[in-house]
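Quick note: the coordinates plus some simple rules give every number you see, no bench work behind them. Everything numeric in this text was worked out from a predicted model, so none of it was measured. Heads up, the Cβs are rebuilt from the backbone with ideal geometry, glycines too, and the neighbour counts pull from every protein chain shown.
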Amino acid sequence: MLDIITIFLATKLHVVIILIVLVAIVFASGFARLRTLVLSAVALPIIFVSSRIASYFFENPRPFFEHDFVPLVAHAADNGFPSDHALLVFALASVTFTFNRPVGIGLFILSTLVGVGRVLVGVHHTIDIFGSVIITVSIVCISQIVIKLITDTK
């Protein structure tokens with residue numbers, strides 16, 4: 001039973017998070033929705049590119065490859081840093097937090113569960129998850145500041 005829960009956290013919970021974000025955006029005010037879409041359009045591509053660059057500088061073999069065991073979910077034995085699943089969910093949580101703090105906090109909790117699941121099924125180390133958090137939160141914060149500076153000067 002624990003394996004089923006862990007596999008759900010690692011492989012399916014991100015879909016729930018995406019659905020929650022979409023619902024939150026639909027129910028946001030017109031201005032908050034526009035601001036969120038602009039922030040997403042700026043931050044998400046930068047997060048993706050930054051993660052690819054980070055993976056060139058930080059090589060971290062997958063735990064199952066490094067310690068020679070079979071993970072609970074199949075995965076390629078490539079670089080585990082940073083975690084793409086954690087990048088996605090923490091980026092969505094960060095963006096949502098900027099316009100709906102209670103939902104954003106809930107999404108950070110769910111995102112943490114995704115990260116825990118990825119570690120427990122054996123496809124990531126904790127540093128892969130932390131790296132994803134640092135990349136996403138910092139880029140969303142910087143993007144939000146830059147967008148605010150640009151829009152406030154006009």
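As a proxy for reagent exposure, ranking PHE64, PHE8, PHE31 by other Cβ atoms within 10 Å from fewest up yields PHE31, PHE8, PHE64.
With neighbours defined as other Cβ atoms within 10 Å of a residue's Cβ, the residues VAL123, VAL116, VAL38 order from fewest to most as VAL38, VAL116, VAL123. Taking the Cβ of VAL89 as the center, what net charge do the other residues with Cβ under 15 Å away carry, scoring Lys and Arg +1 and Asp and Glu -1? Local net charge: 0. Note on the chain: the alpha carbon radius of gyration divided by the globular reference 2.2 N^0.38 Å gives 1.10.
Full extension of the chain between LEU149 and ILE109 gives 11.4 nm of extra length, using 0.36 nm per residue less the Cα-Cα distance. When each of THR112, THR126 is scored by the number of other beta-carbon atoms lying within 10 Å, the sequence from fewest to most is THR126, THR112. Per-residue extension of 0.36 nm, minus the Cα-Cα distance of ALA74 and ILE7, leaves a gain of 23.0 nm for this segment.
Using the Karplus relation 6.51 cos²θ - 1.76 cosθ + 1.60 with θ = phi - 60°, the per-residue 3J(HN,Hα) values for the range 83-89 come to 6, 5, 4, 5, 4, 4, 5 Hz, with x marking Gly and Pro. In terms of its C-alpha gyration tensor, the range 23-69 has an oblate overall shape, because the principal axis ratio a/c (a ≥ b ≥ c, square roots of the eigenvalues) is not below 1.5 and a/b does not outweigh b/c.
If you plug the beta carbon distance of ILE134 and ILE18 into 1/(1 + (r/R0)^6) with R0 = 30 Å, you get a FRET efficiency near 0.90.
In the chain, the longest principal axis of the Cα atoms and the axis of helix 13-27 are about 10 degrees apart. Distance between Cα centroids, the range 1-80 to the range 97-115: provide it in whole Å. Cα centroid to Cα centroid, the span is 13 Å. Of the two radii for the range 59-111, the radius of gyration is 1.17 times the Kirkwood radius, both from the alpha carbons; that is the Rg over Rh value.
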